[in-house]
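The structure appears below as structure tokens.
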Amino acid sequence: MSFVDEKGDIYFYSNASYCYVEGYKEGWIRIKKGETDFDKDWVFRMHDAEYDGKKTNENNLMVGGTYMGNGKFMGFFGSFADPSNFNNYEWQFVVVDVYKKTVEKVDLSPTIPWFAPSIHLDADGKSVLLGHADKKGGAIYRYDVESGKVSKEMDVSTGTAYYIIPLED
């Protein structure tokens, strides 16, 4: 996961091989505009950030996502508490602010990590479309970038909304 912000800085996120390789650490790093090397004075490890009112200090990782502007990136935050079951509903949609180094939950129930490809900035740049599934079934939601509000667009009655591709007229 990477993006270029409005200032021209490049941000990269590494999930550190899902922390299965000892010694690898997850986190965001950046290359400042006009530079060619990583900024050694800037790193953001998400599992050190405050999340849901407390520091996580756990093996939490991020997958998937889209850049929304102003240093904000939407993705999934969770862990593989049971690495043999990638279908656990234990991943949360979050907004990561790389400028403030914060992680904020989106008002949706936990889902599965397979939905990483289902997070897309709409063609208008004002909302994010989200494919989601929980034990009740699947749906497509819209997240309003400005207000942070979530609204359901539609239920998915058969299967899941795995890939969502916004199109521009």
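Selection of the range 4-26 for residues being aromatic (F, W, Y) and over 20 Å from K40 (Cβ atoms) yields Y18, Y20.
Each row is one residue, and each column tells you yes or no for (1) in a loop (DSSP other than H, G, I, E, B); (2) hydrophobic (A, V, I, L, M, F, W, C); (3) farther than 11 Å from G75 by Cβ.
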| residue | (1), (2), (3) |
| --- | --- |
| V96 | no, yes, no |
| E104 | no, no, yes |
| L129 | no, yes, yes |
| H132 | no, no, yes |
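Give the range 1-14 a look and list any residue that's at pLDDT 80 or above, outside any strand (DSSP E or B) and surrounded by 15 or more Cβ atoms within 10 Å (Cβ to Cβ), or say none. Spell out how you get there, then give the answer.
Step one: list which residues in the range 1-14 are at pLDDT 80 or above, which gives 2-14.
Remaining after also requiring outside any strand (DSSP E or B): 5-9.
Matches in the range 1-14: D5, D9.
Can you name the residue in the range 60-74 that is in a strand (DSSP E or B) and modelled with pLDDT of 90 or more and, of all such residues, is farthest from V94 (Cα to Cα)? This residue is G69. If you go through the range 21-31 one residue at a time, do you hit one that is in contact with a helix residue (DSSP H, G or I) (Cβ under 8 Å, 6 or more places away or on another chain), within 20 Å of K105 (Cβ to Cβ) and in a strand (DSSP E or B)? Looking through the range 21-31, at least one residue is in contact with a helix residue (DSSP H, G or I) (Cβ under 8 Å, 6 or more places away or on another chain), within 20 Å of K105 (Cβ to Cβ) and in a strand (DSSP E or B). Of all residues in the range 32-52, those satisfying the criterion of being in a loop (DSSP other than H, G, I, E, B), of a type in the set (D, E, K, R) and either touching a residue at least 24 places away in the same chain (Cβ under 8 Å) or farther than 23 Å from V94 by Cα (or both) are K32, K33, E35, D37, D39, K40, D41, D52.
Of everything listed in (1) surrounded by 13 or more Cβ atoms within 10 Å (Cβ to Cβ); (2) modelled with pLDDT under 90; (3) touching a Gly at 6+ places or on another chain (Cβ under 8 Å); (4) not in a loop (DSSP other than H, G, I, E, B), the single unmet condition for H120 is (3).
Just one of (1) at pLDDT 85 or above; (2) within 21 Å of E6 (Cβ to Cβ); (3) surrounded by fewer than 17 Cβ atoms within 10 Å (Cβ to Cβ) fails for P166. It is (1).
Within the range 16-31, count every residue that is surrounded by fewer than 15 Cβ atoms within 10 Å (Cβ to Cβ) and not hydroxyl-bearing (S, T, Y). It would help to see each step written out before you state the result.
First, the residues of the range 16-31 that are surrounded by fewer than 15 Cβ atoms within 10 Å (Cβ to Cβ): 17, 20-25.
Subsequent filtering for residues that are not hydroxyl-bearing (S, T, Y) retains 21-23, 25.
Total satisfying the criteria: 4.
Every test in (1) at pLDDT 90 or above; (2) touching a strand residue (DSSP E or B) at 6+ places or on another chain (Cβ under 9 Å) is passed by S147 save one, and that test is (2).
Of the numbered criteria (1) modelled with pLDDT of 85 or more; (2) in a helix (DSSP H, G or I), the one F115 fails is (1).
Whenever a residue of the range 92-108 is farther than 15 Å from W42 by Cβ, its partners that are of a type in the set (S, T, Y) and in a loop (DSSP other than H, G, I, E, B), lying with C-beta atoms within less than 9 angstrom and at least six residues away or across chains, give the pairs Q92/S109; V103/T56. Scanning the range 75-90 turns up no residue that is under 18 Å from Y13 (Cα atoms), aromatic (F, W, Y), more than 14 Å from the chain's Cα centre (by Cα) and modelled with pLDDT of 85 or more.
The values are calculated or read from the model by the stated rules, or taken from the named source; none is laboratory data. Owing to the predicted nature of the structure, the values given are computational and were not obtained by experimental measurement. Note: ideal-geometry Cβ built from the backbone for every residue, glycine included; neighbour counts use all protein chains shown.
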